[in-house]
There are 4 protein chains.
Amino acid sequence: MEIGFLGLGIMGKAMAMNLLRNGFKVTVWNRTLSKCNELVEHGALVGETPAVVVKKSKYTIAMLSDPSVALSVVFGENGVLGQICNGKGYIDMSTVDADTSTKISEAITSKGGYFLEAPVSGSKKPAEDGQLVILAAGEKALYDDAVPAFDVLGKKSFFLGKVGNGAKMKLVVNMIMGSMMNAFAEGLELADRSGLNPHTLLDVLDLGAVANPMFKLKGPSMIQNNYSPAFPLKHQQKDMRLALALGDENALSMPVAAAANEALKKARSMGLGDLDFSAVYETVRLLEPPS
Amino acid sequence: MEIGFLGLGIMGKAMAMNLLRNGFKVTVWNRTLSKCNELVEHGALVGETPAVVVKKSKYTIAMLSDPSVALSVVFGENGVLGQICNGKGYIDMSTVDADTSTKISEAITSKGGYFLEAPVSGSKKPAEDGQLVILAAGEKALYDDAVPAFDVLGKKSFFLGKVGNGAKMKLVVNMIMGSMMNAFAEGLELADRSGLNPHTLLDVLDLGAVANPMFKLKGPSMIQNNYSPAFPLKHQQKDMRLALALGDENALSMPVAAAANEALKKARSMGLGDLDFSAVYETVRLLEPPS
Amino acid sequence: MEIGFLGLGIMGKAMAMNLLRNGFKVTVWNRTLSKCNELVEHGALVGETPAVVVKKSKYTIAMLSDPSVALSVVFGENGVLGQICNGKGYIDMSTVDADTSTKISEAITSKGGYFLEAPVSGSKKPAEDGQLVILAAGEKALYDDAVPAFDVLGKKSFFLGKVGNGAKMKLVVNMIMGSMMNAFAEGLELADRSGLNPHTLLDVLDLGAVANPMFKLKGPSMIQNNYSPAFPLKHQQKDMRLALALGDENALSMPVAAAANEALKKARSMGLGDLDFSAVYETVRLLEPPS
Amino acid sequence: MEIGFLGLGIMGKAMAMNLLRNGFKVTVWNRTLSKCNELVEHGALVGETPAVVVKKSKYTIAMLSDPSVALSVVFGENGVLGQICNGKGYIDMSTVDADTSTKISEAITSKGGYFLEAPVSGSKKPAEDGQLVILAAGEKALYDDAVPAFDVLGKKSFFLGKVGNGAKMKLVVNMIMGSMMNAFAEGLELADRSGLNPHTLLDVLDLGAVANPMFKLKGPSMIQNNYSPAFPLKHQQKDMRLALALGDENALSMPVAAAANEALKKARSMGLGDLDFSAVYETVRLLEPPS
């Protein structure tokens, strides 16, 4: 199967490599073309522009760093729109907002192409291990075509209906995650101030009904006030904000998420936005008054 | 090893049975003595009063329904205090408040006895399977003596220091659990109102960083608005209140737990206190104004 | 002084009348021109289009119902833009969002005109009585020119600096008001459920440090669950949302406003959005679970 | 009319002086008796113990610093209980908790005496000016007897029913005040960070529907981060906690008060408990992460 792949950042490179290793013929492109070299050693072809890649491929996957790049790759000079046409598909696996996704979707379909948004849950390690969770939405026929690729890239893919639903599902999951992180941070500090050993709390939690990978992974470094960014706090807060806005559209009151969001904003205000989102723990620790 | 066991409710009976099956000699007592019969068939001896049980045993475990029963078994006629003395131990595994625990501890130790509070995490099934998590605090020597019994009753026991720490640890864990349940309920409703399938949300959550047994167990019944009580909402709310009070003593601000507590109070106000604590989901669903 | 006045709704009509009564020569326009008649009896001239009004006036005041009308009056056929020019001023006293205000401001100034946004605090009665509070921002020279008119329309006008600041000030005030209304509603219900007479609470409040016109005005009708809309709840909630968004831009955590906003959203969810914002009281009263 | 008066602190002295100036015959007592001298110059008699004062008076008013003093004056050696009897009244105007009030009430009535709790709203200045608000509850006949004194001490007195209702009413009022202070603090900071002048915000607020003495009094000093204690933050937070507990007893969800309470706890955690409760403003200002 001939597939295009646009964007060879940390995630994209790992994903393209997995496709190659599993027998897909992949034509790759990256803004800095030299980043294609390692993939060429593993059998990839190179397209000099997004348009060239789309021309050669039945469908093209994009994994780009942010909405502005996602837009320029489609609408820019030698972009995807130049070659997309009847029968070709475009799958954007980047994490973008609903507006960006809608703009791209409308442009692709107006040319007769198929579109799928397919944001993923999981970061570098799951990308390398083919263990992503894929939240696809848009054209069902394209999803069906892409299932063999998704099976290689992820441990599970979901088809969620119309364009926008992939992004919404990701927001809901991240909202729950953000509230949980706050609950966890409060619990760690309550244990500490009450004279309990926070490490023991981690052990107790890990044996009970709320045991989960996030507490296990983040707990020990939070206790050491170590917040090297896996998922930056400012992005977690942005997702909380967007989830609350989605709730607002639906007249849904979510007081716990709202309280968690304010704590994340407090963390931003304290200059912690670029650290890991677990740095929200700093907002519950002892603070000095401003001088 | 000769052990006493007071209280053969759902939890206590399963725990005493596990001790018998693992070779302990157990003398049991229950307010309704006929409940002892099934255990006698498995080799238990019967003590006619708590005092008799304590007299015959090196240490005695109690698993009682609430603080008032826990107090009467110790301080009442033919109670534990009548026979507790130098060299004997008393282990209260009931879930009681700090005051109750302290009163019992002081009474036992004033007679020369050893005391351990050891509330558990886990309900009927883990009790039957010997998979409880035991949060012990008090006299370390008694804890060391009791480890063989704890190994049979639970998958893990912790010694947490001075009396009160067992109860505090349980509050911290339950507070985190209560906030998580609220976060989960908000997410389920946000999915539903946004046009996403809540069952799919459960699947996505279960594959990600926040996957945990509680979401997996409670999610499907919550979606059906089925809240048969495993852990009654009013008890969860009481634990939130106590955890917030513990935070207050330590000047600790916990805005997410506070928001979750208010939602649980709203649920109580709606008459849902005797249902499972997952019934807090009802507070985020569409509501009619009062007439 | 020759002034134009666009928009003769409840507010606009009262304001234009006040200008006439105080000796201003006013040329009025309204989409339904017949609404001008009553003002003509008091000496007003009529302009057949916004452009005509602007042509005849040194500066023109607009008091329009919503952002879309505010935009069409400026940008539409025979709109303000057709005649605005060097030396003429345009003062939009409508309540519009920042984007709308900015668009209008840029269009007016690109033609050489002066622009002022001047949203007001106060509704029908203060408009009739010339007791509005005017929050002006934009071109200082135009503000200075308009002070005689503002002195007639309001009890006080403020010049707040650059365009946008008028709208922001109004958001801050309304946010405080929204949180206060929630605090008040919670207090009323706490009094009631604790066996205190809510009317007595009103009397006590009115004698103390937090006595304010809103509690005095709204309290008695809230106790009777009477919420005839003076300021619709959905508009109050929109202002809370926008204020929180303004906070978010500035990394400002506002947990009390956030909690109040969620209560207002709950009220919307209960179908109360078109009632007065004091109907948020319904969210704290006893509620039935959804069936 | 012969009245006793116990406790000549800042409040008590001003109140006793007002009674003397208005023709009451007052027998006073204070733990440090020399504090009685100034009142003697204005015609007061001195009782050497609380018992002596009660013996000489038809009813005795107490204004004491805290619950422990309130208890010792009644139950201690030569205390009120020694002389209280049929036909005599005891009016405790101190601010005490419900338990303390109930204990005193039961002791007084068991001796045949009449009891009234009558906490006040207002501090030093209103006490001097006879402008307190008096929240009386307990024995109606005693209230009726005391009305002439209350008319001198306060601008208004309320009879609120059974003992406990005075304290509850004060909690409700202080809860509303605490939430309002938080709303105000958030608004001040939002104005500041949005580029608005906080002093202008004060002016705008003072002209509108939420204008109130507290904003007017506290605003200017808050802007200067000046929090000399009129009502200490730790006491405000204690009242919020007690009001929330009262809500909990009545299954009442109060999310805004809960959020405000957490902010006040955060302020306590920052070491601000002894400053004025307006110091909660510090929690919304920019904070540094803990080092």
### Cα-Cα pairs of the protein assembly as shown separated by more than 59 Å (percent)
24 percent
### Summary
Which residues qualify? For A:Y59, with a placed amide H closer than 5 Å and at least 5 residues away or on another chain, they are A:G4, A:G89
### Query
If you count, for each residue, the other Cβ atoms within 10 Å and average over each peptide, how do D:208-215, A:247-254, A:193-200 line up from highest to lowest?
A:247-254, D:208-215, A:193-200
### Task
Using the Karplus curve 6.51 cos²θ - 1.76 cosθ + 1.60 with θ = phi - 60°, work out ³J(HN,Hα) for each residue of the stretch C:114-120 in order, rounded to whole Hz, and write x for Gly and Pro.
9, 10, 9, 8, 8, x, 10
### Neighbourhood charge, 14 Å Cβ-Cβ cut-off, centred on D:F277 and excluding it, Lys, Arg +1 and Asp, Glu -1
+3
## Note on the structure
Log10 I(q)/I(0) at q = 0.11, 0.12, 0.13 Å⁻¹ for chain A, from Debye over equal alpha-carbon scatterers, is -0.70, -0.81, -0.92
### Query
Given +1 on the Cβ of Lys and Arg, -1 on the Cβ of Asp and Glu, and no further charges, what dipole in debye does the protein assembly as shown carry about its Cα centre, rounded to the nearest 20?
0 debye
### Query
Among rounded, prolate and oblate, which fits the stretch B:249-291 when a ≥ b ≥ c are the square roots of the eigenvalues of its C-alpha gyration tensor, a/c under 1.5 means rounded, and a/b larger than b/c means prolate?
prolate
### Query
Which pairs in the list A:K218/C:K238; B:K25/B:K218; C:K156/D:K265; C:K55/C:K234; B:K156/B:K216; A:K234/C:K103 are over 28 Å apart, alpha-carbon to alpha-carbon?
A:K218/C:K238; B:K25/B:K218; C:K156/D:K265; C:K55/C:K234; A:K234/C:K103
### Position D:S72, label points 7 Å along Cα→Cβ, spacing to each other copy in nm (shortest first, one decimal)
4.0, 7.6, 7.7
### Estimated FRET transfer efficiency when R0 is 35 angstrom, pair D:E106-C:N197 (beta carbons, to 0.05)
0.90
### Task
May I ask for the net charge around A:I223, where only other residues with Cβ less than 15 Å from the Cβ of A:I223 are counted and Lys, Arg are +1 while Asp, Glu are -1?
-3
### Summary
Under the Karplus relation with 6.51, -1.76 and 1.60 and θ = phi - 60°, whole-Hz ³J(HN,Hα) for the stretch D:77-94, x at Gly and Pro, equal 4, 6, x, 4, 4, x, 10, 5, 6, 2, x, 9, x, 9, 10, 9, 9, 5
### Message
Nothing charged except the Cβ atoms of Lys and Arg (+1) and of Asp and Glu (-1): what's the magnitude of the dipole of the stretch D:2-162 about its Cα centre? Round to the nearest 20 debye.
### Response
220 debye
### Query
Ranked highest first by average number of other Cβ atoms within 10 Å, how do A:271-280, D:73-82 line up?
A:271-280, D:73-82
### Summary
Non-local residues with an amide H under 5 Å from the amide H of D:A230, with H modelled 1.01 Å from N and Pro and chain starts lacking one, are D:D276, D:F277
### Exercise: per-residue mean of other protein chain Cβ atoms within 10 Å, D:208-221
5
### Task
Show the residues, 5+ positions off or on another chain, whose built amide H is closer than 5 Å to the amide H of C:L132.
C:G154, C:K155
### Task
Take peptide B:137-144, look around each residue's Cβ out to 10 angstrom, count Cβ atoms belonging to other protein chains, and average those counts.
0
### Query
What FRET efficiency do you get for B:A245 and C:K35 if R0 is 51 Å and r is their Cβ-Cβ distance, rounded to the nearest 0.05?
0.25
### Query
Which value in nm describes the separation of the simple spin-label points at A:K58 and D:D99, placed 7 Å from the Cα toward the beta carbon?
7.6 nm
### Taking the stretch B:2-161 and dividing mean pair separation by its residue count, relative contact order in percent (alpha carbons under 8 Å, at least six apart)
20 percent
### Phi-based couplings in Hz for the stretch D:155-163 (Karplus 6.51, -1.76, 1.60; Gly and Pro marked x)
7, 6, 10, 10, 9, 10, x, 6, 3
### Task
With a length cut of 15 Å (Cα positions projected on each helix's long axis) and a Kyte-Doolittle mean of at least -1.0, go through chain C and give me the DSSP H helices that pass.
C:10-21, C:98-110, C:140-153, C:165-193, C:213-223, C:233-249, C:255-269
#### Entry: Of the GluC sites (Glu not before Pro) in the stretch B:137-239, those whose Cβ has at most 16 other Cβ within 10 Å and which sit in DSSP loop
none
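Each reported figure results from applying straightforward, stated rules to the coordinates on display, with no laboratory input. Computed from a prediction, not measured in an experiment: that's the story for all the values here. Virtual Cβ from ideal backbone geometry, glycine too; neighbours counted across all protein chains shown.
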